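Readers should treat all values here as calculations from the given coordinates under stated rules, not as data from a laboratory. This one's a predicted model, so the numbers in the text were calculated from it and none came from an experiment. Here Cβ is always computed from backbone atoms with ideal geometry, including for glycine, and neighbour counts include all displayed protein chains.
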Amino acid sequence: MVQKFLSYFIPISIKKFNSEISKSLEVTWNNGELVLDSKNTNYSYGSLQRILRKGLKYIGFERIKNFENILVLGVAGGSVIKTLVDEVKFSGKITGVEIDSKVVEIANNYFGLNKIPNCKIVVDDAFEFVLKTKEKYDLIIIDVFQDTTMPNFLFEDFFINRINFLLNINGFILFNTMVITKNDEIRNQLYKTKFDKNYSLRMYPKVETHNELFTIKKLS
Ligand SMILES: C[S@@+](CC[C@H](N)C(=O)[O-])C[C@H]1O[C@@H](n2cnc3c(N)ncnc32)[C@H](O)[C@@H]1O
């Protein structure tokens, strides 16, 4: 395809969308792959997929393959879900929660998310969803951004405790954060202190320029 080839030299915009929630969204060919971007950052595929793939590698593909139930908060085009299915070969149940129905429409139409049989997408606020769900999970991936901004609730005790409650013993949290300002650095340092001896937390700085990943294992 010509557009794909040309995109190795210059990004080629395919379509722009307006959304009440995400404002502007754009599907682009970039370096030979189709990506989804918000106004100021990459939302899905591209560098975002690489970042979360690294996180999954830190946890271990083999370990994840044996999990039964995975929750993904923040779906966008669904690149981490694709990695789980195509590369990890995860065949258990995946639930994705995405606040913006326009984003889900793009994920289905441009990235074939609705063709993944073991994945169910719920259009909801991640905060509301975790309050309501009755299930427990082996892996909870938290990748919630409004453009480059991370909602405050992600770092608050109430949400952290609820996520910890929803996690099975020996399960993992994979949390993607962006660190741009000194305040973001302080916020992440504080986040580390929120987990007691029942959890094993690791921080992976500068995964890709501004991203810092956390993996957190529930020990008991
Ligand atoms: C970086 S993208 C997620 C990328 C995705 N994990 C992937 O693997 O391709 C962040 C997503 O979080 C969604 N989002 C923002 N606030 C949210 C909220 N409160 N609840 C659920 N999703 C939210 C955005 O609409 C956006 O699609």
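Within segment 139-174, the set of residues being of a type in the set (Phe, Trp, Tyr) and either out of contact with any Leu (no Cβ under 9 Å at 6 or more places or on another chain) or under 19 Å from ASP124 (Cβ atoms) (or both) comprises PHE145, PHE153, PHE158, PHE159, PHE165. Within the set PHE127, PHE153, PHE158, PHE111, the sole residue that is aromatic (Phe, Trp, Tyr), crowded, with 16+ Cβ neighbours inside 10 Å and more than 15 Å from the chain's Cα centre (by Cα) turns out to be PHE111. Checked against the criterion of being acidic (Asp, Glu) and within 27 Å of MET1 (Cα to Cα), the candidates ASP100, ASP37 yield just one match: ASP37.
Yes/no matrix, rows are residues, columns are (1) part of a loop (DSSP other than H, G, I, E, B); (2) more than 14 Å from ASN118 (Cβ to Cβ); (3) of a type in the set (Gly, Ala, Ser):
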residue	(1), (2), (3)
TRP29	no, yes, no
LEU34	no, yes, no
ASN40	yes, yes, no
LEU48	no, yes, no
ILE51	no, yes, no
LYS54	no, yes, no
TYR58	no, yes, no
ASP86	no, no, no
LYS89	yes, no, no
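Counting just the residues of segment 93-121 that are closer than 15 Å to ILE140 by Cα and out of contact with any Leu (no Cβ under 6 Å at 6 or more places or on another chain), which one comes out nearest to the ligand (Cβ to nearest atom)? So the residue we want is GLU98.
Of the numbered criteria (1) farther than 19 Å from PHE145 by Cα; (2) within 13 Å of the ligand (Cβ to nearest atom), the one ASN69 fails is (2).
Residue check: PHE175 meets all listed conditions (1) touching a residue at least 40 places away in the same chain (Cβ under 8 Å); (2) crowded, with 17+ Cβ neighbours inside 10 Å; (3) more than 22 Å from ASN40 (Cβ to Cβ) but one, namely (3). The numbered conditions (1) in a loop (DSSP other than H, G, I, E, B); (2) more than 13 Å from the ligand (Cβ to nearest atom); (3) touching a helix residue (DSSP H, G or I) at 6+ places or on another chain (Cβ under 6 Å) are all true for GLY77 except (2). Can you name the residue in segment 130-150 that is crowded, with 18+ Cβ neighbours inside 10 Å and charged (D, E, K, R) and is also nearest to the ligand (Cβ to nearest atom) among such residues? Checking each candidate, the answer is ASP143. Checked against the criterion of being surrounded by 13 or more Cβ atoms within 10 Å (Cβ to Cβ) and without any contact (Cβ under 8 Å) to a residue 12 or more places away in the chain, the candidates GLU185, GLU212 yield just one match: GLU185. The condition of being within 17 Å of GLY74 (Cβ to Cβ) and in a helix (DSSP H, G or I) does not hold for VAL97.
Applying the set (1) without any contact (Cβ under 8 Å) to a residue 60 or more places away in the chain; (2) part of a strand (DSSP E or B); (3) within 12 Å of the ligand (Cβ to nearest atom) to LEU25 leaves exactly one unmet item: (1).
So how many residues does segment 100-125 have that are in contact (Cβ under 8 Å) with a residue 60 or more places away in the chain and in a loop (DSSP other than H, G, I, E, B)? Qualifying residue count, segment 100-125: 1.
A single entry from ASP124, ASP147 fulfils the requirement of being more than 21 Å from TYR45 (Cβ to Cβ) and of a type in the set (D, E, K, R): ASP124. The residue of segment 32-88 that is surrounded by the fewest Cβ atoms within 10 Å (Cβ to Cβ), among those that are small (Gly, Ala, Ser), over 9 Å from the mean Cα position of the chain (by Cα) and closer than 25 Å to LYS15 by Cβ, is GLY32. Considering (1) part of a helix (DSSP H, G or I); (2) more than 9 Å from the ligand (Cβ to nearest atom), the lone condition that PHE153 does not fulfil carries the number (2).
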